[in-house]
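J.: Take this structure, written in structure tokens, and hold onto it; I'll ask about it next.
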Amino acid sequence: SDKNDLNKDGKVLDGENGSQNEKNDDLVESTAKIYFSKYDEKRNKPVLVAFSRKIKHGEQKIENKILAAMKVLLTGLNKADEEKGFITGIPEGIKIISLQLEDNTLKINFNAAFGYNRFGIEGFRLQLAQIVYTVTEFADVRQVLIEINGKKVKYLGGEGVVIDKPLRRKDIKI
């Protein structure tokens, strides 16, 4: 699967420079913090690292900015960052079906690929951390509710990372 094929209307973001393969006439450019990770030898675990990335989006609606930031996150790291040892816990093939912001809770509906992570429970925790930290950089988002194919899911993966309620930064353990 082409990890740049993020939605059916052809809007694709490139993680390196935020360019989009459509007419950019009506798009606004801004900057967002996108969270990736690096392995911390001293702590013997991955730690989150915020990257400042350009995002391009439609009108100034907050959902447009969040969606643009999420597309950059899902696109992943560029080669230069990978060579510096940065990693992502987000598997290829994840697509956003919809997202909706209501009362400081962002509901993100992902495709089925969201429920599979080849790195097991640590991968799922990192995947959730990157998403929750990236979207809560937006002042209007306090917590994130994850759905898969339009359904609430109690656990992520067979090992059971609980996702049946909205997640805040303080709920995230990596």
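J.: Just to verify a number: FRET efficiency for S52 and K152, C-beta to C-beta distance, R0 = 25 Å, to 0.05?
T.: 0.15
J.: So how far apart, in nm, are the two label points at K79 and T105 if each is 7 Å from Cα heading toward Cβ?
T.: Those two pseudo-labels are separated by 4.4 nm.
J.: Within segment 141-174, list the residues whose amide N lies under 12 Å from a label point set 7 Å along Cα→Cβ of R43.
T.: Answer for segment 141-174: 173-174.
J.: Using DSSP, restrict attention to beta bridges with both residues in segment 88-150 and report what percent are antiparallel, rounded to the nearest 5.
T.: Counting only bridges with both partners in segment 88-150, antiparallel ones make up about 50 percent.
J.: Go ahead and set up a Gaussian network model of the chain, Cα springs under 10 Å, then flag whichever of V47, V72, V135 fluctuates most.
T.: V47
None of the figures in this text is laboratory data; all of them are computed from the coordinates on show. Remember, predicted model here, so these are calculated numbers, not experimental data. Here the Cβ is made from the backbone with ideal geometry for all residues, glycine too, and neighbour counts use every protein chain on show.
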